[in-house]
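To start, the structure under review is shown below, and the notes come after it.
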Amino acid sequence: MRAALTGTSGFVAFWAFAGAVGLAGGGADPGSEVTARLPFRSPVFAGAALAALVGIPMTATAVLAGRSRSLAGPVGVGSGLLLTGWVTVQPFIIGRFHWLQPTFGALGLGTAVLARRVWNEDGPTWLDDVTPPVRYSR
C-alpha cells in the first residue's frame, strides 16, 4: 500500500508542478476565453494555486509515504481530497470540461483511499494520542 501511495502521489505531484510551470511560464496557453475566467485573469495565479493546493500536498504525501512516516496516511487523505475538490470545481471556474479532470479526480480519490488504508495499517499516530478535554459530569 505504501509503495502504491508513494507512486500515485509522486505521479500527481510531478504533473501538478509541470502544469503549474506550464501555466505560469506560458507553455500551456489555456486560451483567451479560459484566461478571462481565471481568478484575476491570471495564468500565473492559477499555476501558483495548482502548485500550492495540489503539488505541495502530493509531494508531502509521496515523501512521507516513501520514508514510512506515520503522517503519510492523514496527509495523503487530505491531499487526495484536495485534488478531488480541485478537479470538481475547475470546470465551473474555467467553463470547460476536459478528460483529464475525471482522470485526476480518480487519482485523487485513489490517493485518499490508499492513504486511509496506510493510516489503518500504521495504527495510532501522535494525532490519536491527543486526549480529549476532561468532561465533568454530575
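Largest mean-square fluctuation among ARG96, ARG117, ARG67, in a Gaussian network model of the chain whose springs join Cα atoms under 10 Å apart, belongs to ARG96. Here ALA28 and ALA52 are evaluated by their C-beta separation; at R0 = 22 Å the FRET efficiency comes out at 0.80. Who wins for biggest fluctuation among ALA20, ALA106, ALA36 in a Gaussian network model of the chain, springs between alpha carbons below 10 Å? The residue with the greatest mean-square fluctuation here is ALA36.
Per residue of the chain, the DSSP helices (runs of n ≥ 4 H) give a summed -39500 (n - 2.57) that works out to -23000 deg cm²/dmol at 222 nm. For Cα extents along the principal axes in Å, computed directly from the structure shown, the correct entry in (1) 75, 40, 26; (2) 45, 35, 23; (3) 63, 42, 22 is (3).
Give me the net charge of VAL34's neighbourhood, meaning all other residues with Cβ under 14 Å from the Cβ of VAL34; Lys, Arg count +1, Asp, Glu -1. Mind dumping the intermediate values first?
Values: positive: ARG37, ARG41, ARG96; negative: ASP29, GLU33.
Around VAL34, the charge tally is +1.
Over the stretch 53-108, give the accessible area per residue in Å² for a 1.4 Å probe, as an integer.
Working: 2810 Å² over 56 residues.
Computed with neighbouring chains in place, this is 50 Å² per residue.
Apolar share of the accessible surface for the chain: 67 percent from carbon plus sulfur atoms, 1.4 Å probe. Quick one: helix 56-66 against the long Cα principal axis of the chain, what's the angle to the nearest 10°, folded into 0 to 90? With rounding to tens, the tilt is 40 degrees. If you run the Gaussian network model on the chain, springs between alpha carbon atoms under 10 Å, then out of GLY110, GLY47, GLY123 the most flexible one is GLY123.
The values are calculated or read from the model by the stated rules, or taken from the named source; none is laboratory data. Given the structure is predicted, the values throughout are model-derived calculations rather than measurements. Quick reminder, even Gly has a Cβ in these numbers, built from the backbone with ideal geometry, and neighbours come from all protein chains shown. For accessibility, only protein heavy atoms count, side chains too; no ligands or nucleic acids. Shrake-Rupley method; radii C 1.70, N 1.55, O 1.52, S 1.80 Å.
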